[in-house]
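Student: One structure follows; several queries about it will come next.
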Amino acid sequence: MTTIKASCPVCGDVELKPAQLRLVVCSRADWSYYAFTCPGCRDEVRKPADEEIVALLVSGGVPAERWHVPAEAFEEKAGAAISYDDVLDFVLNLDQLDVEASTLFG
């Protein structure tokens, strides 16, 4: 069975089996990463995965999860950010929408 060496910031070098790693390959390459739970300290360790690391991990038996970032995530946003008051107003108005919907579709 393949053994993969990785580095934990607390414990240093650790040895892992492919099933102990999670490899996420993103449509935006600089967002790809691999993660594992350190067998020593039990911390979750997450590190970037460039093309070379992805190729090494896949060749070592780590299955790659594909993640496609929708184009909307990269659209430029205009206007002010939503505030807590905006969210509260929205929630409070949901009851009113229920009343209006029941009179229309009652």
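Student: For the chain, compute Rh as the Kirkwood radius over C-alpha pairs and then the Stokes-Einstein diffusion coefficient at 25 °C and 0.890 mPa s; write the answer in µm²/s, rounded to an integer.
Tutor: The estimated diffusion coefficient comes to 139 µm²/s.
Student: Based on DSSP loop calls and a cut-off of at most 14 other Cβ atoms within 10 Å, the longest stretch of the chain free of exposed trypsin sites (Lys or Arg not before Pro) is what?
Tutor: Details: sites that count: 28, 42, 77.
Longest gap between qualifying sites, sites excluded: 43-76.
Student: Give me the accessible area per residue for the chain, probe 1.4 Å, as a whole number in Å². Mind showing how you got there, number by number?
Tutor: On the way: 8210 Å² over 106 residues.
Averaged over the residues of the chain, the accessible area is 77 Å².
Student: Please identify the GluC sites (Glu not before Pro) of the chain that satisfy two criteria: DSSP loop assignment and at most 16 other Cβ atoms within 10 Å. Which are they? Before the final figure, lay out each step's value.
Tutor: Values: sites: 15, 44, 51, 52, 65, 72, 75, 76, 100; in loops: 75, 76.
In loop regions of the chain (DSSP not H, G, I, E or B), the sparsely surrounded GluC sites (Glu not before Pro) are 75, 76.
Student: So how do 74, 90 rank on accessible area, 1.4 Å probe, biggest first, that is with the largest at the start?
Tutor: 90, 74
Student: Run the accessible area of the chain with a 1.4 Å probe and give the carbon-and-sulfur part as a rounded percent.
Tutor: 55 percent
Student: Build a GNM of the chain with springs between Cα atoms under 10 Å: which of 54, 91, 69 gets the top mean-square fluctuation?
Tutor: So, out of 54, 91, 69, the one fluctuating most is 91.
The values are calculated or read from the model by the stated rules, or taken from the named source; none is laboratory data. From a predicted model like this one, the values you see are computed outputs, not experimental measurements. Virtual Cβ from ideal backbone geometry, glycine too; neighbours counted across all protein chains shown. Heads up: the accessible areas ignore ligands, DNA and RNA and are worked out on the full protein's heavy atoms, side chains in. Shrake-Rupley method; radii C 1.70, N 1.55, O 1.52, S 1.80 Å.
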